[in-house]
1. Skipping prolines and chain starts, which residues have an amide H placed within reach, meaning under 5 Å, of the one on B:HIS289, given they are 5 or more residues away or on another chain?
2. For each pair in A:LYS213/B:LYS28; A:LYS129/B:LYS30; A:LYS160/A:LYS218; A:LYS213/B:LYS24, compute the distance between the two Cα atoms and list the pairs where it is over 28 Å.
3. Arrange the residues A:ILE221, B:ILE262 by how much accessible surface each exposes, largest first, with a 1.4 angstrom probe.
4. In what sequence, largest accessible area first, do A:LYS213, A:LYS24, B:LYS218 appear using a 1.4 Å probe?
5. Quote the FRET efficiency, to the nearest 0.05, computed for B:LYS9 versus B:ASP206 with a Förster distance R0 of 56 Å and r equal to the Cβ-Cβ distance.
6. Which of A:ASN336, A:ASN58, A:ASN122 ends up with the largest GNM mean-square fluctuation for chain A, with Cα atoms connected below 10 Å?
7. What is the magnitude of the charge dipole of segment A:60-325 about its Cα centre, with +1 placed on the Cβ of each Lys and Arg, -1 on the Cβ of each Asp and Glu, and no other charges, expressed in debye to the nearest 20?
8. Relative to the first principal axis of the alpha-carbon coordinates of chain B, what is the inclination of helix B:179-191, with its axis defined by its Cα atoms, in degrees from 0 to 90 and to the nearest 10?
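The values are calculated or read from the model by the stated rules, or taken from the named source; none is laboratory data. What you see is a predicted model, and the numbers here were worked out from it, not measured in a lab. Positions of Cβ are backbone-derived with ideal geometry, glycine not excepted, and every protein chain shown enters the neighbour counts. All accessible areas refer to the heavy atoms of the entire protein, side chains included, with ligands and DNA or RNA removed. Shrake-Rupley method; radii C 1.70, N 1.55, O 1.52, S 1.80 Å.
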2 protein chains.
Amino acid sequence: MNLNTILPKVESLSQSLQAALVDKINHKTKPLGALGQLEAVALQVGLIQQTLTPQLSNPTLMVFAGDHGVVNAGVSPYPQAVTAQMVLNFLQGGAAINVFARQHNMRLRVIDAGVNHEFDANTDLIHAKVAAGTANFLQEAAMTQSQCEQALATGASLAKQEAAAGANVFGFGEMGIGNTSSASCLMSVLCAIPIEECVGRGTGLDDAGLAQKLSVLKQAIDFHGMRGDNALEVLATFGGYEIAMMAGAMLGAAEQHAVLLIDGFIATAALLVAAQLQPNILQYCVFTHCSGEAGHRRLLAHLGATPLLDIGLRLGEGTGAALAYPLVQAAVNFLNEMASFESAGVSTAEAGAGETA
Amino acid sequence: MNLNTILPKVESLSQSLQAALVDKINHKTKPLGALGQLEAVALQVGLIQQTLTPQLSNPTLMVFAGDHGVVNAGVSPYPQAVTAQMVLNFLQGGAAINVFARQHNMRLRVIDAGVNHEFDANTDLIHAKVAAGTANFLQEAAMTQSQCEQALATGASLAKQEAAAGANVFGFGEMGIGNTSSASCLMSVLCAIPIEECVGRGTGLDDAGLAQKLSVLKQAIDFHGMRGDNALEVLATFGGYEIAMMAGAMLGAAEQHAVLLIDGFIATAALLVAAQLQPNILQYCVFTHCSGEAGHRRLLAHLGATPLLDIGLRLGEGTGAALAYPLVQAAVNFLNEMASFESAGVSTAEAGAGETA
């Protein structure tokens with residue numbers, strides 16, 4: 001495959017409506033700036049959709065699952081089988097992401113990107129397995145370049161299918177035992193941040209476990225001795241199939257001018273890859289939360305991102321994206337539905353100082 | 001009136017279900033603690049309702065409006081008429097709180113607690129005016145003790161009516177030009193925090209405006225020379241009718257074992273009064289956000305509160321309570337709807353260290 005033909009192109013947003021959007025926001029019946037970050041989101045969604053009256057339609061959560069060879073090095077207290085078990089839990093509607101997707105009427109798409117389990121063909125699962133889990137990146141690259149490109153291309157294609165079916169806002173989630181290890185390595189190499197600052201306690205690692213995880217990941221990074229200037233090479237080396245396919249889906253959705261709801265640590269690592277390939281993608285991203293996973297705050301700072309929620313979530317699955325979605329909807333709603341000072345007959349502030357309310 | 005007969009009694013929550021609720025939360029298909037603050041909210045709502053399967057019903061936003069005599073001292077760039085104009089905006093459905101209440105199917109009740117305007121009787125407004133605005137607390141107490149008690153009692157009665165109609169979760173909002181000045185004084189005196197730390201830029205005060213506001217409020221606090229050990233006296237001196245009535249409504253709702261969604265700076269100041277009268281009320285409170293108004297972060301810290309949102313909102317009206325409501329609903333939903341490790345057939349963590357995902 002020629003990478004230039006498989007990778008979506010993400011265009012820079014026209015700023016032509018910027019002034020009109022700001023003017024519309026500022027004339028709503030509220031003090032200037034009083035809706036805080038919602039005002040920035042309203043502006044952003046207006047620019048993404050190139051309209052003063054944006055609409056969110058068919059919000060869709062794409063949850064990618066994949067297994068990781070590095071779990072053989074003892075970086076997780078959960079057995080690898082949990083990845084497949086949780087996929088079945090998603091299909092049965094019992095996981096956290098099911099609950100939150102139902103609450104907010106978001107479509108849930110569960111994709112087998114590379115789980116080490118053969119699922120029954122007769123389910124709602126989207127079967128897109130590249131391989132039955134990655135290789136152990138302590139010893140070799142997690143996947144071949146060709147597998148990596150396949151995962152990216154498949155993700156892009158799946159997102160474009162959803163966009164064609166009417167979705168213009170996407171959340172991205174994941175499930176994969178071992179994938180904070182993968183994301184930590186991607187972050188360290190792509191951002192040139194020492195691995196110590198990229199590794200966290202995951203689901204509640206004790207001090208000894210954290211030391212063990214750090215030791216394993218240091219060893220892997222030393223083994224590959226890689227620079228961060230070739231995102232695809234870094235992705236193939238340390239990535240998971242779910243991360244690669246998610247990166248592709250993000251690119252595909254952004255190409256279609258969708259709003260991208262970025263979840264936690266793993267999803268932000270996938271975005272890091274996508275943003276190195278197509279930097280304009282960042283203009284389409286709403287950062288939904290800062291995870292409790294240690295490296296995430298640093299990673300968000302690296303991207304200059306201001307998340308909407310900071311409530312200690314560290315579950316993945318796209319749960320932060322789902323939980324923050326009503327705030328994005330609220331931003332669009334106030335832009336469309338609030339009265340202006342003029343239409344409501346409300347007096348504006350007088351020149352001079354003072355507080356209003 | 002005898003205050004003991006008009007003030008609701010708020011009982012301390014039984015902790016008898018604590019262990020069972022924690023156990024239920026910990027067996028959900030997620031790592032321990034991975035839903036962060038939502039887990040604390042789920043536990044709290046279970047304790048408030050004394051059940052392992054809580055339900056939120058008829059969520060209700062009570063928005064109290066009142067005018068403030070202190071605006072004559074030039075503490076606001078908006079004319080006093082804006083209070084009444086915004087009440088009409090609420091009734092016409094054009095304000096931010098209307099938009100967010102509609103989005104989340106919350107009932108909106110707009111109460112005239114003391115606006116300096118005669119509203120048409122034939123509207124959806126709840127007419128509970130104590131007086132047409134407070135007196136200027138630079139020169140005298142804002143209200144009499146009898147007016148203060150009337151406002152409290154009316155608020156409690158209104159909340160109990162809503163509870164009787166099926167509401168078990170309440171947000172509280174306000175509108176009142178000048179009421180950050182009132183709230184700043186309440187905070188300073190009741191918490192014994194220097195007024196400098198309680199005053200903010202409100203809706204975007206410049207440096208000169210902030211200095212003017214601070215000077216006025218210092219003068220008022222010096223004039224009354226009051227200690228903070230009598231909440232009702234402090235409330236009558238510096239309060240607004242909307243703040244007093246909201247404090248009463250909070251007490252009434254808590255007496256009925258409702259969940260209280262605490263909004264921003266003004267609402268938290270009202271809670272401060274309520275909590276001095278009935279300290280158990282804090283057990284019923286979900287702090288929905290940290291306002292952009294400077295004193296609020298300090299006030300939340302004083303109360304030991306951890307807010308759900310921190311997105312720079314500083315609009316009042318109960319908007320933060322409305323915007324955070326889906327998170328409270330999400331907490332209840334995961335508790336009721338998520339599968340357990342056992343029911344979903346998912347393996348639990350093995351003894352030992354490591355991260356899971």
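1. HN-HN under 5 Å from B:HIS289: B:LEU308, B:LEU309.
2. Numbers: A:LYS213/B:LYS28 25 Å; A:LYS129/B:LYS30 24 Å; A:LYS160/A:LYS218 37 Å; A:LYS213/B:LYS24 30 Å.
Violating the 28 Å limit, Cα to Cα: A:LYS160/A:LYS218; A:LYS213/B:LYS24.
3. On the way: A:ILE221 35, B:ILE262 0 Å².
The residues order as A:ILE221, B:ILE262, largest area first.
4. On the way: A:LYS213 0, A:LYS24 50, B:LYS218 85 Å².
From most accessible down to least: B:LYS218, A:LYS24, A:LYS213.
5. Result of the calculation: an efficiency of 0.75.
6. Evaluated over chain A, the most mobile residue of the options is A:ASN122.
7. Details: 12 positive and 22 negative charges, 79 e Å.
Roughly 380 debye, rounded to the nearest 20.
8. For B:179-191 against chain B, the angle is about 70 degrees.
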